[in-house]
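Report on one structure; see the data block that follows.
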Amino acid sequence: MSPTVGRLRLLGIRLMFLCTFFAVAPGAWRDLLFPAQPWDPHHGIAVSVWAAFSVLAVLGVFRPLKMLPLLLLQAFYTSLWLLAVALPLWREGALDGLALQLALANATAVVLDLCVIPWGYVVVRYLRAPSANTPRLA
């Protein structure tokens, strides 16, 4: 059975990739190309990942179903960030400023990702379908 995804859902996926690009690319590429100072290695990794993520998001605009794992990654890592970083800050009453802005942006992204991801397609394509590279046991 081949899963189908409607045009409206495909449009939503494309819009999520486009929004991701515009939210991430300007700052990541500016920081990557014109660093103000040498970076802490963790900050350098984060900026590099976001820059690469923005390029892959452009591919997602044109090939939304092929790049769907990128939206799954986005939903997963932003959810983890909300649980591991934002929630403890909120419990301590320290969720303000940049952390609050990031929490709101990440929460919005998670909700939108969960709405546009075609879950039936994900189940059929990634969870039920056998892998072409998996050897069969005799």
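Each value in this text was obtained by applying a stated rule to the coordinates, not by laboratory testing. Keep in mind it's a predicted model, so treat the numbers as computed, not measured. Note that we place each Cβ from the backbone using ideal geometry, even for glycine, and neighbour counts take in every protein chain shown.
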Inset, instruction - Sorted from largest down, give the three principal axis spans of the alpha carbons of the chain, whole angstrom values. - result: 54, 39, 36
Inset, instruction - Compute the signed sum of charges (Lys and Arg +1, Asp and Glu -1) over the other residues within less than 11 Å, Cβ to Cβ, of residue 60. - result: +3
Inset, instruction - Give me the net charge of residue 99's neighbourhood, meaning all other residues with Cβ under 15 Å from the Cβ of residue 99; Lys, Arg count +1, Asp, Glu -1. - result: -1
Legend entry - the chain, relative contact order in percent, only Cα pairs under 8 angstrom and at least six apart counted: 33
Inset, instruction - Compare the peptides 62-69, 40-47 by average per-residue count of other Cβ atoms within 10 angstrom and give them in order, highest first. - result: 62-69, 40-47
